[in-house]
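The values are calculated or read from the model by the stated rules, or taken from the named source; none is laboratory data. Remember, predicted model here, so these are calculated numbers, not experimental data. Every residue, glycine among them, receives a Cβ derived from its backbone with ideal geometry; neighbour counts consider all protein chains shown.
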Amino acid sequence: MKIWLDGRLQDPQEARVSVFDHGLTVGDGIFETVKSVEGRPFALTRHLDRLTRSARGLGLPAPDLDEVRRACAAVVEANPMALGRLRITYTGGVSPLGSDRGDAGTTLVVALGEVTRRPDTTAAITVPWTRNERGALTGLKTTSYAENVVALARAHERGASEALFANTLGRLCEGTGSNVFVVLDGEIHTPPVASGCLAGITRALAVAWTGAKETDLPLSVLAEADEVFLTSTLRDIQAVHRVDDRDLTDAPGPVTAKAMRVWDERAADDLDP
Ligand SMILES: Cc1ncc(COP(=O)(O)O)c(C=O)c1O
């Protein structure tokens, strides 16, 4: 196994990041998770665009995308695997102990972990905690993810693989690491980015490829929707067969099943859509 740090491939046992790194001490960092299929990253251009947007939102210097591309290519080449989670992490670097960022330069790490393909359907729960649609970090993919850690642990306790949040207004928002879609009267809907959700790359492609509408929806729509599905880099489109105590036993329903087929066709057509 090799990872990228300090501009070169390194053995993870030998790679060192400072204990004063602002990513570690206060979560001052951003990241991307990219799917790698047989060593080929999927939708890398969109992920790098979002990395740049997240950096801008956090006030970090723009990442050197040539280096990030080189790092991704080197890491996937050094670690052959069928399906990988390619993880780009970029932080504020060595800083004083506090919220002020230092000026020692940023930290870039690129690593790869092997994953297995997700099942076609899964269970989700709703959680009582909210996404803040008006926060300083809203819409940014930052390493301040501990709220997601707590919510995802709750989902696992309940036999589910994802926890779904409403925003502060009680509107449907997103999961800990996924976007959510519902089918109502045969039409697909997903919350708008203004709900406070991350502008998921899978979400954007699913909207473009299925004609899903962006609709402001109450959290309670999950109790009524004919079908529910999740999207994320590693889930692609994944049907939901249970939300809290509600069984959607024939998941994937017909609309979701079609969306999954369309996804597979379009994604196979173009590695960097
Ligand atoms: C909070 C959150 N929402 C949604 C998503 C889905 O985004 P993407 O499709 O780009 O993986 C993610 C990323 O995995 C996420 O962390």
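Identification of strands (runs of 3 or more DSSP E) wholly contained in the range 2-72 with 3 or more residues that are away from the ligand (no atom under 16 Å from the Cβ), out of contact with any helix residue (DSSP H, G or I) (no Cβ under 7 Å at 6 or more places or on another chain) and without any contact (Cβ under 8 Å) to a residue 60 or more places away in the chain yields no element.
Restricting attention to the range 166-182, report how many residues are in a loop (DSSP other than H, G, I, E, B) and more than 10 Å from the ligand (Cβ to nearest atom).
3
Among the residues that make up the range 216-225, is at least one of them within 13 Å of the ligand (Cβ to nearest atom), more than 16 Å from the chain's Cα centre (by Cα) and in a helix (DSSP H, G or I)? Within the range 216-225, none of the residues are within 13 Å of the ligand (Cβ to nearest atom), more than 16 Å from the chain's Cα centre (by Cα) and in a helix (DSSP H, G or I).
Report yes if some residue within the range 35-46 is surrounded by 17 or more Cβ atoms within 10 Å (Cβ to Cβ), of a type in the set (Lys, Arg) and modelled with pLDDT of 95 or more; otherwise report no.
Looking through the range 35-46, at least one residue is surrounded by 17 or more Cβ atoms within 10 Å (Cβ to Cβ), of a type in the set (Lys, Arg) and modelled with pLDDT of 95 or more.
Of all the listed residues (Ala163, Ala155), the sole one being within 13 Å of the ligand (Cβ to nearest atom) and among the small types (Gly, Ala, Ser) is Ala163.
When Leu230 is tested against the conditions (1) of a type in the set (A, V, I, L, M); (2) under 21 Å from Ala43 (Cβ atoms); (3) in a helix (DSSP H, G or I), the lone failure is (3). Of all the numbered requirements in (1) within 16 Å of the ligand (Cβ to nearest atom); (2) of a type outside the set (D, E, K, R); (3) part of a helix (DSSP H, G or I), Pro273 misses one, and that requirement is (3). Condition first: buried (at least 16 other Cβ atoms within 10 Å of the Cβ), outside any helix (DSSP H, G or I) and at negative phi. Can you find one or more residues in the range 260-268 that meet it? No, there is no match, as no residue in the range 260-268 is buried (at least 16 other Cβ atoms within 10 Å of the Cβ), outside any helix (DSSP H, G or I) and at negative phi. Checking Glu162, Glu174 one by one, the residue that is touching a Pro at 6+ places or on another chain (Cβ under 9 Å) and either buried (at least 21 other Cβ atoms within 10 Å of the Cβ) or closer than 22 Å to Leu205 by Cβ (or both) is Glu174 and no other. The residues of the range 183-201 that are part of a strand (DSSP E or B) and either acidic (Asp, Glu) or under 22 Å from Tyr145 (Cα atoms) (or both) amount to a single one, Glu187. Do you know which of the residues in the range 202-215 that are touching a strand residue (DSSP E or B) at 6+ places or on another chain (Cβ under 6 Å) and assigned to a loop (DSSP other than H, G, I, E, B) is farthest from the ligand (Cβ to nearest atom)? Here the residue is Thr215. Of the candidates Ser36, Ser18, the single residue that is polar (S, T, N, Q) and more than 15 Å from the chain's Cα centre (by Cα) is Ser18.
Across the range 99-152, the qualifying residues are those that are in contact (Cβ under 8 Å) with a residue 12 or more places away in the chain and of a type in the set (Asp, Glu), and the one among them that is nearest to the ligand (Cβ to nearest atom) is Glu147.
Please tell me if Ala251 is in a loop (DSSP other than H, G, I, E, B), touching a Gly at 6+ places or on another chain (Cβ under 7 Å) and modelled with pLDDT of 95 or more.
no
Pairs meeting the criteria (first residue in the range 183-201 and over 9 Å from Lys213 (Cβ atoms) and more than 16 Å from the ligand (Cβ to nearest atom), second residue of a type in the set (S, T, N, Q) and assigned to a loop (DSSP other than H, G, I, E, B), beta carbons under 9 Å, at least 6 apart or on different chains) are Leu184/Thr215.
Scan the range 79-118 for residues that are in a strand (DSSP E or B), buried (at least 22 other Cβ atoms within 10 Å of the Cβ) and not polar (S, T, N, Q) and the total you get is 7.
So is Asp236 more than 13 Å from the ligand (Cβ to nearest atom), at pLDDT 95 or above and surrounded by fewer than 23 Cβ atoms within 10 Å (Cβ to Cβ) or not?
Answer is no for this residue.
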